[in-house]
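Everything below concerns the one structure shown next.
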C-alpha cells in the first residue's frame, strides 16, 4: 500500500517533525519537465499547462481547477480521498480507515476482519479520531516570513520563523478553529512559503469498509506488487451539525473506468519525496536513516508477528500496527535498494556538480558539515523525541499531556508548533479518542522497545538508568501499564483540562516517565533544529535560488503532504523482458484465492462468485507520479470523473522518493467498475451504489 | 561474546560453506608486520619470530611451539579451548558449551540457567554432539593441488580441486576415522594449501559450567563492551575408551594471572577475517551480505525474544538461539558500521591501487565481474542452500539425511565435501544427537522463516508455490512438525542406515520438503561455485603472487578457523577522551548486580559474596588480534602458563574483520585468578581446583 512512508502520521505536528526532521530539509529542484513524461507532483496553483496541452490537448480552466481542488480531500492521519456525492460521501482506501475501524472494533465486534456496510445513514459509525481537510485557498506568504527571520541565525532563526508561522496560521484560523485549519507549507524547502487554508471536518463516520482479507488481499507478500487484486476501497461520510455535510464540490464516479491511451490524473496528497536533497544529505539517508529505520522496523514486525500468533484476539490487536510496520519496512527497503545503486548515486553527484558549477559552494558545504551532527543525533532523537524507546499508545498520550501542560501555558507563538491553537482541535480529538487500549499488547511493545532503548543508548546511560532503575524492561513495562489510569478517557480529559498543575500533581507512572524523558528529548529537538534543520533550511533557500536561476520556475516542489496533481497514462511495463499487462479482472482474484491467509477471500465473496461479472476490471497501473500519502487519491479523467482509486505503487515506485523512472514507476489503483460491482454484487449496498451513480 | 561471527557453525562442511561462500574467497595480504604492533593471526609454522624477539626478547623454540600447538584445542562447533590437566581437562568458555548444555537440559533439569559442577568424574555428563580437535601436524600440499587442477576452469576447476582435496584428506585419515581428522586448508586463499592433521575426541563430557546469568552477566547489552564482569568459563573433559583421556601436552594454569607490560599470547582458532578482499568484494559485503544478514537476524532475534516471553519454558527453549542471534547481529552491525566509514573505504581503495600498480588488472576485473552473479545469488542461496527459509532443527536433520542418501552412494571423491568419509564421524554424531526437539519452538521458527521464504522469493515463485501449496506458512509449519518422526533418534538412525532407498521410500513431511528443495539448492550451490567462488579463488591465487612479490612472505593469512597465535600486551584504551582501565574485579560484579536480568547474579553467588576476595581480578583487556572462533582460547605467558581465557572483543574489535586497529581493538578475557576463586569460593569445587593447580 502507498500510505505515508513512515509509520502512520498520528498528528499534524508529528507529521511535520517526521517529514522535515529525520533526514533534513527538502530542496527545490526538478529536472526540466520535458525530460520525463508524467513526472511531477504539481501544486494546483502551478499546473504544467504546457505539457497537458501539448501531450493531451487538455487545458483545464480555473473552474476545473477549483472544482478538482475542492472535491479532493485530505485525511489528516496521512492519506487522501475525494468527495463522491453532494452528501459528503468520501471515497478512500480501506487501509486508510484502519485507525477508525480498529478504534470501533473490540474482541466482540471485529469490523476490521468482518468488514462493515451501513445499511442506512443512521447506522454510519463515528470514527474515534478522524479529520478531513478540504483545501479552499492558497496564499503566498514567503515575503512575510523572510522579513520576520531577516538577519537571524541558528535557534533565533528557527524561533523567529516558527513564531511568524504561528501568527499567520492563527490569523487565518481566526475564531473558527472547529471548522478551519491553516498550515504554512514550506515549498521548494525554503524557496517559497504558502499558506494553505482548509475546511476541516472532525465528525467523520464509517460508511463502508470491506473485509481486511479482500481489502488487503495478498497481504504483505503482494504489497507493492502487480498483478494485484485488492478491493482497497472504503467510504466515509463527513458530517456537520450532526448531519451529512452538504458539499459544494464533488467528483462523480464513472463506472466505465480508465482506458489505455486516456489522460488519467491523480489529485492527492503525496507525503514526502527527497528528490532535491544534496548528495551529503542523501548519504545520511542511505547510511544512517534508512539502515536505523529498517533494523528497527525489522524487529518490530517480527515482534508484532510473533505476538499475534498466540491467538486470534492477539492477532486482531496487532493487525494494524503490523500492517503499517510491514508496509514501512518494504518502502524503506526499496528506498535503500535504490540508493545502493551506484549508477543512480553517480547521477545525483553529476546533477549536483552541474548545479554548483560557477556558484558559491558555501550552502552545500554547510549542509555537509551539518551531517556530522545529524548522524550523531539520529539514534537518540529517534528514541526520545520520536518516542520509539517507549513504543505504546499510553506513552504517546502521556507525552501529549505532559507537553500540553507546559506548552499551553505559554503565549501561542512561543509554543512548540504542534501545541499552537491552530492545531488543537485535532490534538484534543486524538488524545481523547475512545479507541480501546489493550494492556497486554501495550506491555509487549513497551518491553521490546525498552530493550532497544537500553541496547542503543547503553546500560550506563544516565537516562536509561533512571528509567529502568534496578528492573528489567519487562518489569518496567508491566508496572507502567498496570499502574496507569491513562487508558481511561475521563482521566485524560481531567489531566488535559487541569493543565500544568494537574500534570505536576499526577503520580501516574506514564506521566512520570514522560516527565523524565521530556527535558532530554527537548534538548535533542533543539539541537536538531538549531544545528541541523535551520542550517539545511537556510542553505536550501540559497540553493533554491540557484536552481530557479538556472532552470526557471516551471518546476514542481518536493512532496509536502499537500494537494498535488499528477498526470499520466494507463500503461503496463516490462519486467525481465516480460510485458506486464495494465489490468486485472475480478475473476483473477478467485483464481488466486487459496483459502489460506493472506490469499483467503472472505465468505461473502465466495458466496457471491456466481453473481460477479468475472471480466470486470479490478486493479490497474498507470504512469502517474505518486508516493506514500497519495493513498486514497481519486484517479480522474478530463471530465473530473472518478475512474479509479489509487492505493499503491509497484515495487519500482519505491525509488520514487529520489527520482521518477518513467519506464518502471507505476501507480496501482482500484478500477471504478470493481467498486460498483463489489458494492452491488457482494455487499448488496444498493443505496450506496445509487448515491454514487446518481449524478 | 566472540564466538564464530555468523550463526554457530554446526558442522565442518557448513563451516566451510559459510566461511568461503557467503562473501567470496579470501585473499592473501597483510600489511608489513611492523606497521601495527600486535597485529596478526599467525600460523604456528610461521610465527613472527623477529617481532617477538625485538619487542619482547622472546624466542620460542620448536619444543615450545609443539607444546603450545598440542595443548591447544579446537571445538569443532566453532570455538577454541586448551588442555589444562594431564587427564584431558579442557578449559573453554561457558558460551562455547551452550550446545552441549542445552542438549543435556530438559524442562525438568535446566543446566543452562542453574549451572553444573561434577562432584566426581563419574558424574561428568556426555555431551550429545561435541568434537574436540588437537592439531598434530601441518603439511604443505600446494603443489599437489595445483597439479590436479592445472589448466582447468569453472566447474571443472572446482571439481578437480575438490576431488584432490578429498583424496589427500582420505589418505591422511586412513582407517582411523574415529580418532583422526584431516582438513586441507586454503591459506592466503589460494596462495597456499596446507593439510592439517588433528587428533579427534568425540566422547566429550561436561565437567563444569556456571549459571547462565553469571557466565553471560550483562547479557546482550554488555556483550562486546568493557568494563565487564563475566565468568564465561567452562570445563569439559576428553574421554577415550570410556576413560578420561591421557594427554601428552597440556598448559598449566597460573593463578597469578596476567600483568600489564607482560607479553600475552593467545593460541586459538579465529573463524574468518576478510582483510584481504578486493574492493569489489568488500562492496558486496557492505551493500548485500551484511544488510541481508542484519535484516534477517533483526527479525529472528525479535521473533525469538517474543516467543521466549510467553513463559519460562519458552524462554529456556529459545535461549541459546537467541543468544547466538543477538551476538551475530551485534557482530554484523559493527562490521557494517566499520565499512560505512568513508575514510576506511578510501584506505582500502588506496591499498588496492598500490597493489595493482604496474601489474595485470585481469584478476581484479574478474573478481569484480563475478560480483554481479554473487549479488544475484545471495538471497536464494541463503534461503535454499543455507536452509534459512526452513529455520528448524528438523529441516537440518532432513537435509543431512536426504543429501547423505544421495552422496554416500557416490565414490568418496565425487561427493559434496561434507559427506566425504573424512568427516562422517562428526556428521553422524550431530545427526544422531539426543538433544531434545521442541515441537512448539520448531513450529514458531518455521512459521516465521517460511514467511520470509515467500516474502523474499515472491508468492509466484514455483518453489514457494510447491512448498506452500494452498496453505499458510503457519499451517505448513504445523503439518511438518506434527507429521514428522525425525525428532526420534531411532528413526534418523533407520533412515541414515537405509541410505537412498530408505529416503526414497519415506513419506515423512520433512524428508519430502528436503527432497523438494534439494535440486534447486544444489543448482544454486553449483552456480555459486562455478561462477563466483572458482573465479574468486583463481584470481586470489594470482593476487597472492603479486602480494608475495611486492611484500615478501612474512605475512599472515586471513583467518580460516585453524590454529593461530597472536601476541600483545595487557592494556586499556581511550574512549571519548576517557581512559578505560584494563582490569575489573570480582567486587565489581556485585556493584553492578541489580537483581533483574541480565544483571541478576545467581543465588550461589549472592550467598558467596562474603567468601569472595573482592579485589580478585575478574576480566581484562589486551591488544591481541583475535576474532570470532577464538572464544575459549587460552591467554598464555612465555612459560606456556594459562593466565587468562579469551571470551570476547570490545566494540571496536568488530572492525577487526577488515583491519586491525592497535589504538582501539581489544581482546576481553576472564582472568585466571577469577576462575580459581570462583571454583573455590562459589562452587566449592576443590577437586577441580586441585587438578588445575597440581602442576
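Values quoted throughout were computed directly from the atomic coordinates according to the rules given, and no laboratory measurement underlies them. Computed from a predicted structure; not experimentally measured. Heads up, the Cβs are rebuilt from the backbone with ideal geometry, glycines too, and the neighbour counts pull from every protein chain shown.
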Quiz item: In bins 10 Å wide, starting from 0, what share of all Cα pairs of region A:460-556 does each bin hold, as a percent?
Solution: 13, 26, 22, 15, 13, 10, 0
Quiz item: If you average over every viewing direction, what projected area does the convex hull of the Cα atoms of the protein assembly as shown give, in nm²?
Solution: 50.6 nm²
Practice problem: Over the whole of A:467-473, what's the average partner chain Cβ count within 10 Å per residue? Rounded to a whole number, please. | Solution: 4
Quiz prompt | Per-selection Rg to Rh, region A:103-255 - Cα, Kirkwood hydrodynamic radius | solution = 1.10
Practice problem: One decimal, nm, shortest first: give the distances between the label point of residue B:170 and those of the same position in the other copies, each label point 7 Å from Cα along Cα→Cβ. | Solution: 8.9
Self-check item: Calculated Rg and Dmax of region A:221-328 using C-alpha coordinates, Å
Solution: 20.4, 52
Quiz item: Plugging the Kirkwood radius over Cα pairs into Stokes-Einstein for region B:595-645, at a temperature of 25 °C and a viscosity of 0.890 mPa s, what D comes out in µm²/s?
Solution: 174 µm²/s
Quiz prompt | Overall Cα dimensions of region A:281-337 - principal axes, largest extent first, Å | solution = 43, 14, 14
Quiz item: Where does chain B land at 222 nm, in deg cm²/dmol rounded to the nearest 500, when only DSSP H runs of n ≥ 4 count, each adding -39500 (n - 2.57), divided by all residues?
Solution: -13500 deg cm²/dmol
Practice problem: Note the distances from residue A:46 to each other copy's matching label point, with points 7 Å along the Cα-to-beta-carbon direction, in nm, sorted shortest first. | Solution: 6.4
Practice problem: Just grab the label-to-label distance for residue A:581 and residue B:340, each label 7 Å out from Cα along the Cβ direction, in nm (one decimal). | Solution: 4.4 nm
Practice problem: Kindly list the residues of region B:176-218 that lie in the label zone of residue B:63, defined by a backbone N under 16 Å from the point 7 Å along the Cα-to-C-beta vector. | Solution: none
Exercise. Mind checking B:146-157 for the average number of partner chain beta-carbons within 10 Å of each residue's beta-carbon?
Key: 0
Exercise. Using packing as a proxy for protection, rank A:335-344, A:241-250, A:425-434 so that the peptide with the highest average count of other Cβ atoms within 10 Å comes first.
Key: A:425-434, A:335-344, A:241-250
Quiz prompt | Beta bridges per DSSP with both ends in the protein assembly as shown, % antiparallel, nearest 5 | solution = 95 percent
Self-check item: Descending semi-axes in whole angstrom, ellipsoid equivalent of region A:516-613, from the Cα gyration tensor
Solution: 48, 28, 13
Quiz item: How many times 2.2 N^0.38 Å is the alpha carbon radius of gyration of region B:33-163?
Solution: 1.51
Quiz item: Rounded to the nearest 0.05, what FRET efficiency do residue A:46 and residue A:519 have when you use their Cβ-Cβ distance and R0 = 56 Å?
Solution: 0.85
Quiz item: Residues of B:300-310, mean number of Cβ from any other protein chain within 10 Å of their own Cβ, rounded to a whole number?
Solution: 6
Exercise. List the distances, in nm to one decimal, from the label point of residue B:465 to the label points of the same position in every other copy, shortest first, placing each label point 7 Å from Cα along the Cα-to-Cβ direction.
Key: 6.1
Quiz item: By per-residue mean of other Cβ atoms within 10 Å, what is the highest-first order of A:286-294, B:470-478, B:73-81?
Solution: B:73-81, A:286-294, B:470-478
Exercise. For region A:279-550, count the residues as N, evaluate 2.2 N^0.38 Å, and divide the Cα radius of gyration by that value, please.
Key: 1.15
Quiz item: Hey, got the Cα dimensions of chain A along the principal axes, in Å, largest first?
Solution: 65, 65, 52
Quiz item: Could you work out Rg/(2.2 N^0.38 Å) for region A:302-393, with Rg from alpha carbons only?
Solution: 1.64
